[in-house]
Amino acid sequence: MSALTINPLREGIANRLSPEPCTLVIFGATGDLTHRKLIPALYNLAAEGALPPAITIIGFARREKTSEQFRTELETATRKFSRTPVNDDLWKSFASSVFYHQSPFDDAEGYKTLAREMEEADRKRGTGGNRLYYLAVAPDQFPVILQHLRESGLSTATPGSWARVIVEKPFGKDLKTAQALNGLVSEVFPERDTYRIDHYLGKETAQNIMVMRFANSIFESLWDSSHISHVQITAVEPLGVEGRAGYYDTSGAMRDMVQNHLLQLLTLTAMEPPTSLSADAIRDEKVKVLRSLRPLTGKDVFDHVVRAQYSAGLINGQPVPGYREADGVPKESATETYVAMHVTIDNWRWAGVPFFIRTAKRMPKGGTEIAITFKSVPRVLFNQSGHGIDENVLVIRIQPDEGVSLRMSAKMPGSSLRIEPVKMDFHYGTSFGKATPEAYERLLLDAMSGDATLFARRDEVEEAWAFVDGIEEAWKTRTDDLAFYDAGSWGPAAADELAARHGVTWRRM
Ligand code: BG6
């Protein structure tokens, strides 16, 4: 097998990473995201030698603590959440680049001292004036932090260096709030320095969708309405609301998963080949898919979208309470924890091909996949009755067990003619003998390298909200369509009926 070589002069996804020395300032450094994801990701990058040696990480948060205490807390978290075991020496060396900066987010003085600390890091550690600000805070904190970054001059890079911002989801809660937030960010950082995280784009197999489509001649020539009968995109998990009721109950599965992760996977699956591998060429194509989505509004919403909420049930044989019984969830909550929808892409390539999207909490199993079902073979020869032969299905498994499989028909050995489905299966783990990195590893490295390909651009986020807003608006007019499903079941009958109306059954994961 020959290794893939990529022209290093090209930008975008092909730009093999050369992260530059910088100071990474994490706002919200005492929060869950920092402990569970960001620091373990940075540690793993450091352990692989992927981080620039001069990197300096400053945790910015309100709570009183010393850098030493901060490092100890991070070590405990990293030992728990890191994808590789923590090595004592490597941790020590990594931790020596981590500092704590205590300050309220609205105190100008705190930003002045931060500036001094960063200048010191430039002098002593060689961070070159480069700044990467990570807003790992609730969205209501964005305005105050951005305003202070601007007023303190910290958002402006010195000549020859850069200043970038990484913004975590939720990026608004509808089109209006997303536009307001985009407006606010753009007053402080230009679009090219704004990195909106969608961690699904950092998942290895999500990146592989493009490679699979455009580096293999066999798939792309079949990738259209002449050959594909329908597409199912699924992201389900056994977890419930997990102590996040405050956020989740105002969000629901549509805003939490569909607006961002699932529509992103849809765009990668459906987009036209980009003119180059640059971040903008790819995002231009993705945004065209979002613009081609047939809007769902008013009464149509109830014909094409099923929403549901989990009731008490069993997960892995253990009883779990219903959504409304979870801490912090109102007893009458009509928030959906399940969405199944039929989506139409009104463009030449996809005319007549239904796309189905499904996401849910408290499912029997977790997994994310894109399943492309090809048209049946003609009703001649082996398929005369039209019922005997399963269609070819190409499944791109985003997680777990990342890989790709293709269902085909084959003759069972023996003297009689019996045709059975078989699978050709590629597993990342066994083919490359290498664990796949966490999404945050890739994304942090890309932001340090100035590669925005795997981050959502302003227009993508806004187009996705415009689509979702139509559905949310209709949902406000009634709630009698909200179905219920037992935790640990595969969802409500209404979702099966939706699929059945198009001659489709949902895939079991
Ligand atoms: C997050 C959502 O963005 O994605 C969560 O807020 C969800 O509700 C999570 O559980 C799923 O991510 P992953 O990587 O575990 O599939």
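The values are calculated or read from the model by the stated rules, or taken from the named source; none is laboratory data. Keep in mind that this is a model prediction, so the values were computed, not measured. Every residue, glycine among them, receives a Cβ derived from its backbone with ideal geometry; neighbour counts consider all protein chains shown. Calculation scope for accessible area: heavy atoms of the full protein, side chains included, ligands and nucleic acids excluded. Shrake-Rupley method; radii C 1.70, N 1.55, O 1.52, S 1.80 Å.
I need the peptides 20-26, 352-358 ranked by packing, meaning the mean over residues of other C-beta atoms within 10 angstrom, with the highest value on top. Intermediate results must be reported in sequence, preceding the final value.
Working: 20-26: 23.7, 352-358: 20.0.
Descending packing order for the listed peptides: 20-26, 352-358.
With no solvent and one equal point scatterer per Cα, compute the Debye intensity ratio I(q)/I(0) for the range 406-483 at 0.14, 0.27 Å⁻¹ and report its log10, rounded to two decimals.
-0.86, -1.18
Once each part is reduced to its C-alpha centroid, what is the distance from the range 39-104 to the range 384-451 in angstrom?
The distance from the Cα centre of the range 39-104 to that of the range 384-451 comes to 36 Å.
Apply the Karplus curve 6.51 cos²θ - 1.76 cosθ + 1.60, θ = phi - 60°, to the phi angles in the range 432-444 and return the couplings in whole Hz, x for Gly and Pro.
10, x, 9, 5, 7, x, 5, 3, 5, 5, 4, 5, 5
In the range 74-179, carbon and sulfur make up what percent of the accessible area (probe 1.4 Å)? Present the calculation step by step, with values, prior to reporting the outcome.
On the way: 2620 of 5090 Å².
Carbon-and-sulfur percentage of accessible area, whole number: 51.
Can you sort Ile389, Ile55 by solvent-accessible area, 1.4 Å probe, largest first?
Values: Ile389 30, Ile55 5 Å².
Sorted by accessible area, descending: Ile389, Ile55.
Estimate the FRET efficiency between Ser409 and Thr479 by the formula 1/(1 + (r/R0)^6), using the beta-carbon distance for r and 60 Å for R0, to the nearest 0.05.
Numbers: r = 45 Å, r/R0 = 0.75.
With a Förster radius of 60 Å, E is 0.85.
How big is the equivalent ellipsoid of the range 296-393 along its three axes, where each semi-axis is √(5λ) from the Cα gyration tensor, reported in whole Å from largest to smallest? All intermediate terms of the calculation are to be shown ahead of the outcome.
Numbers: eigenvalues 260, 85, 23 Å².
After scaling each eigenvalue by five and taking roots: 36, 21, 11 Å.
Along the charge dipole of the range 299-384, Cβ charges K/R +1 and D/E -1, which of Ile370, Val380, Gln309 sits furthest on the positive end?
Value computed over the given set: Val380.
Using only the heavy atoms of the protein chains and a 1.4 Å probe, how would Met448, Met424 rank by accessible area, largest first?
Details: Met448 0, Met424 110 Å².
Order by accessible area, largest first: Met424, Met448.
Need the full-extension length gain, Arg192 to Ser431, defined as separation in residues times 0.36 nm minus the C-alpha distance. One decimal, nm.
Working it through step by step, the gained length comes to 82.5 nm.
So what does log10 I(q)/I(0) come out to for the range 177-217 at q = 0.24, 0.26, 0.28 Å⁻¹, using the Debye formula with one equal point on every Cα and no solvent?
Calculated log10 I(q)/I(0) at the listed q: -0.79, -0.84, -0.89.
Of Trp348, Trp91, which has the most accessible area and how do the rest follow, probe 1.4 Å?
Values: Trp348 240, Trp91 15 Å².
Descending accessible area places them as Trp348, Trp91.
Quick one: if you take sqrt(5λ) for each eigenvalue of the C-alpha gyration tensor of the range 261-310, what semi-axes come out, biggest first, whole angstrom?
Values: eigenvalues 164, 32, 10 Å².
Semi-axes, largest first: 29, 13, 7 Å.
Find the Cα radius of gyration of the range 224-273, compare it with 2.2 N^0.38 Å by division, and give the number to two decimals. Can you show the working numbers first?
Working: Rg = 14.7 Å, N = 50, 2.2 N^0.38 = 9.7 Å.
That works out to 1.51 for the range 224-273.
Can you pull out the GluC sites (Glu not before Pro) in the range 282-352 whose DSSP state is coil and whose Cβ has at most 11 other Cβ atoms within 10 Å? Kindly include the intermediate steps, with their values, before the conclusion.
Working: sites: Glu285, Glu325, Glu332, Glu336; in loops: Glu332, Glu336.
Answer in residue order: Glu332.
Cα to Cα, under 25 Å, and not fewer than 8 places away if on the same chain: which lysines meet these conditions relative to Lys476?
Within the straight-line limit of under 25 Å, Lys476 reaches these lysines: Lys169, Lys173, Lys176, Lys299, Lys331, Lys361.
Using mean Cβ contacts within 10 Å as the protection proxy, how do 56-64, 480-488 order, highest first? It would help to have the intermediate numbers written out before the result.
Numbers: 56-64: 20.0, 480-488: 17.1.
Most protected by this proxy first, the peptides run 56-64, 480-488.
Quick check: the distance between the Cα centres of the range 356-380 and the range 205-274, to the nearest angstrom?
So the separation of the two Cα centres works out to 11 Å.
Mind giving me the FRET efficiency for Thr275 and His227? R0 is 30 Å, r the Cβ-Cβ distance, nearest 0.05 is fine.
It comes to 0.80.
Viscosity 0.692 mPa s, temperature 37 °C: give me the Stokes-Einstein translational D for the chain in µm²/s, with Rh taken as the Kirkwood radius over C-alpha pairs.
My calculation gives 134 µm²/s for D.
Round to the nearest 0.05 the FRET efficiency obtained for Thr84 and Gln179 when R0 = 45 Å and r is the Cβ-Cβ distance.
Taking R0 as 45 Å, the efficiency between Thr84 and Gln179 is 0.65.
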